[in-house]
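A quick write-up on the structure given underneath.
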There are 2 protein chains.
Amino acid sequence: MARITKPESCMRCPYKSEYLSLLDAKDINLIQENCIIVHFRKGETICKQNTDVTHALYLAKGTVKKYIEGKSKNLILKIISSGKYIGLQTLFGTLIYNYTVTAIEDSMVCMINSNFFVELTKQNPEFLFKITQTISTSTNYVYKKISDINQKQLRGRLADTILYFSETVYKSNEFEFKLTRRELAEFSSMSMENAVRILTEYRKEGIIITKGRYIKILQPDLLRKLSEIG
Amino acid sequence: MARITKPESCMRCPYKSEYLSLLDAKDINLIQENCIIVHFRKGETICKQNTDVTHALYLAKGTVKKYIEGKSKNLILKIISSGKYIGLQTLFGTLIYNYTVTAIEDSMVCMINSNFFVELTKQNPEFLFKITQTISTSTNYVYKKISDINQKQLRGRLADTILYFSETVYKSNEFEFKLTRRELAEFSSMSMENAVRILTEYRKEGIIITKGRYIKILQPDLLRKLSEIG
DNA sequence: GGTGGTCATTGATATATATCAATGTTTTAT
DNA sequence: ATAAAACATTGATATATATCAATGACCACC
């Protein structure tokens, strides 16, 4: 199970959020007091769809997937890496999670009492402004996602997914990625079998090399073309 | 073409946003100075996907549709009625519209210089907080939409759409709605022909009555059931 | 007051995508 | 180390949904 500790010093924490630079020492100490650190193991759930929002979640270390659960299938919205807050919009909105977050590698999450956190933003306009920008950017990302799902078909969507991992998550043309084929499919909004099939197609077409969960993109421009065409 | 005027008095305007109550007279006057009123006729475009964001948009009067344009088909995200801001998240995000907004009835839009507006939020934490809440709520709505599109099939999605108009837009079990069948389909993410077919099915099943663009819901509970089942 | 144009409806057909099934491979747990 | 479980792959089939086609109804506009 997840192990819980208390922060020793948020101020000197090597994993601290860059947003903390917008707060003074007093407020950072208050955060520390209102914070617990939870160490999640790979596969453990950090927050669960349809439950109450009680904390602001900051991913200090690790990688998680954020996804919408459905009756028959899930939709993975994004992969979040360390140094980011998870789902700020739920703090200012309905206060019910409309998604689930699960660790895809061992992760360290700072959980800050949500009432305290929201009050803190009210006292610190610059901090709030930054958060508003983050929420807005995240909203725009979901717009892109909904648009892609609506407009593109399988090959285009899988191209999107490969590019997302290459450009946004691993920032490299070759990477060993952490998702199973099923998760890859859930990210691309398609069945697992079709994700596998299209990966094979792309490999046979000389666009990528795959070996297990290792992917190397040989023709990134062609992949971008495929993403555009849809 | 759209007719442009200057506001006479935002303070005494009967259509003014409730958010203005969070600002003092000085700031409301500043808004007035930085604002032009544009009167759009039905069918005219208020802001266009992929263009720069230069103004905050407030819908004082009328009704508009907000949609994502695609190569072959559009996806209508929501119908916005008077008294709401349109797309606040683009002001704090990329500054490029990732959607298009078009009037579906004659509309009056207050366009406030975006740099001024953003600065104003920085000076007024309560105002900013309210806006952040609005953006967050809107984000949660898009989450719901993307989830529905991903999980449900045609009949479930059309049930969602009818319920949306009944519960959110017209707040009644019978209404003459303003969208064409094509737009109804674009809202439900399906082809126009299938939207028509399912409307006919629902009529034959005694769930609704339709006559042109008039709809009366006979069995709202059944419709909700269909929405749930997907 | 006709007339061109979008809108609406229905049936037939094509296509994209999911599901089912069989089999081999890799993890994970004991 | 070995069994069990989850994962990956491929082909065959079923199904949901879009597209095409034909026709009638309803509007806006000279």
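A compact table of results
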item: Matching residues, the range B:1-55, being of a type in the set (Ser, Thr, Tyr), assigned to a helix (DSSP H, G or I) and more than 26 Å from residue B:104 (Cα to Cα); result: B:21
item: Residue check for residue B:107: more than 29 Å from residue A:53 (Cβ to Cβ), in contact (Cβ under 8 Å) with a residue 12 or more places away in the chain, open to solvent by less than 40 Å² (accessible area, probe 1.4 Å) and more than 14 Å from chain A (Cβ to nearest Cβ); result: yes
item: When residues of the range B:139-159 are limited to those that are open to solvent by less than 20 Å² (accessible area, probe 1.4 Å) and small (Gly, Ala, Ser), the one nearest to the other protein chains (Cβ to nearest Cβ); result: B:156
item: Candidates A:127, A:116 - the one that is open to solvent by less than 20 Å² (accessible area, probe 1.4 Å) and either part of a strand (DSSP E or B) or aromatic (Phe, Trp, Tyr) (or both); result: A:127
item: Failed condition for residue A:214, given (1) open to solvent by 40 Å² or more (accessible area, probe 1.4 Å); (2) facing another protein chain (nearest Cβ under 9 Å); result: (2)
item: When residues of the range B:195-211 are limited to those that are touching a strand residue (DSSP E or B) at 6+ places or on another chain (Cβ under 9 Å) and either of a type outside the set (D, E, K, R) or within 14 Å of chain A (Cβ to nearest Cβ) (or both), the one nearest to DNA strand C (Cβ to nearest atom); result: B:200
item: Qualifying residue in the range B:63-78 (condition: away from DNA strand D (no atom under 16 Å from the Cβ), open to solvent by 10 Å² or more (accessible area, probe 1.4 Å), of a type in the set (Phe, Trp, Tyr) and within 16 Å of the chain's Cα centre (by Cα)); result: no
item: Within the range B:160-194, tally of residues that are open to solvent by less than 30 Å² (accessible area, probe 1.4 Å), within 11 Å of DNA strand C (Cβ to nearest atom), without any contact (Cβ under 8 Å) to a residue 40 or more places away in the chain and within 12 Å of residue B:76 (Cβ to Cβ); result: 2
item: Residue within the range A:160-168 that is at pLDDT 95 or above, more than 16 Å from DNA strand D (Cβ to nearest atom) and of a type in the set (Phe, Trp, Tyr) present; result: yes
item: Considering residues of the range B:1-58 that are open to solvent by less than 20 Å² (accessible area, probe 1.4 Å) and among the hydroxyl-bearing types (Ser, Thr, Tyr) only, the residue farthest from residue B:79 (Cα to Cα); result: B:17
item: Options B:204, B:211, B:216; residue that is within 16 Å of DNA strand D (Cβ to nearest atom) and out of contact with any helix residue (DSSP H, G or I) (no Cβ under 6 Å at 6 or more places or on another chain); result: B:211
item: Per-region count, the range A:169-194, residues away from chain B (no Cβ under 14 Å) and either among the aromatic types (Phe, Trp, Tyr) or within 14 Å of DNA strand D (Cβ to nearest atom) (or both); result: 14
item: Unmet requirement for residue B:142, which otherwise passes all of (1) within 12 Å of DNA strand D (Cβ to nearest atom); (2) within 24 Å of residue B:93 (Cβ to Cβ); result: (1)
item: Residue that is farthest from residue B:30 (Cα to Cα), among those in the range B:50-99 that are within 14 Å of another protein chain (Cβ to nearest Cβ) and among the polar types (S, T, N, Q); result: B:72
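The values are calculated or read from the model by the stated rules, or taken from the named source; none is laboratory data. In this text, all values refer to a predicted model and were calculated from it rather than measured experimentally. We place every Cβ from the backbone using ideal geometry, glycine too, and count neighbours over all the protein chains shown. Keep in mind that these areas ignore ligands, DNA and RNA; they rest on the heavy atoms of the full protein, side chains included. Shrake-Rupley method; radii C 1.70, N 1.55, O 1.52, S 1.80 Å.
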